[in-house]
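Quick note: the coordinates plus some simple rules give every number you see, no bench work behind them. This one's a predicted model, so the numbers in the text were calculated from it and none came from an experiment. A quick note on method: Cβ atoms are made from the backbone with ideal geometry, for glycine too, and the neighbour counts reach across all protein chains shown.
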Amino acid sequence: MITKEQWAEVEEELKGLFPTVKFSYQGHEVSISRRRVSETRVELQVYIDGYIRGVWYMPDSEGFLPVVRQLWRTRTRTKYSAKFIKDTEKVFGKRAAKKHFPDLHDKREYFDPGFTSALSLVRQYRKLDGLELTQIGHSKVTQEPAEADPVCS
């Protein structure tokens, strides 16, 4: 179990310029580091077993890794653009548009390995049961052994 002090330490590390934090979750190594996304933007990227694979983005794709649901950020997007919906409803009318395009207002879910802030990542990861902290920065985290039973000593 990760303590409050360790979570604070993880958050501070992730706010830094070159953070490195590693966890262990359901038999997978989860590593987090800050990566450049565009010329002016950086994000915290979550790697599972050292990889970010394209098939992991969409839950209905073959080769989807189920643990991604807990470790990556869930995003939604409409199937059609707002302009297309507006134009279609104008041309057909709302009822006919719904008849010809039954999925006109549908949304699709996908997963994103990028987190924009350390706080959002920590909030999501605090809810995970079985998450073990293995490394903060360049130092390994050792699990404190359980206290010895005084009767057996």
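Details
- In terms of the mean number of neighbouring beta-carbon atoms within 10 Å, the peptides 41-50, 75-84 order highest first as 41-50, 75-84.
- Farthest toward the positive end of the dipole of the chain, out of Ala96, Gly50, Gln6, is the Cα of Ala96, where the dipole comes from beta carbon charges about the Cα centre.
- Multiplying each eigenvalue of the alpha-carbon gyration tensor of region 46-123 by 5 and taking the square root yields semi-axes of 34, 15, 9 Å, largest first, rounded to whole angstroms.
- Near Glu29, the amide H atoms lying under 5 Å from its own belong to Asp49; only residues 5 or more places off or on other chains count, and H is placed 1.01 Å from N.
- The C-alpha atoms of the chain define a longest principal axis, and helix 4-15 lies at about 60 degrees to it.
- Pairs of C-alpha atoms in the chain farther apart than 25 Å represent 46 percent of all such pairs.
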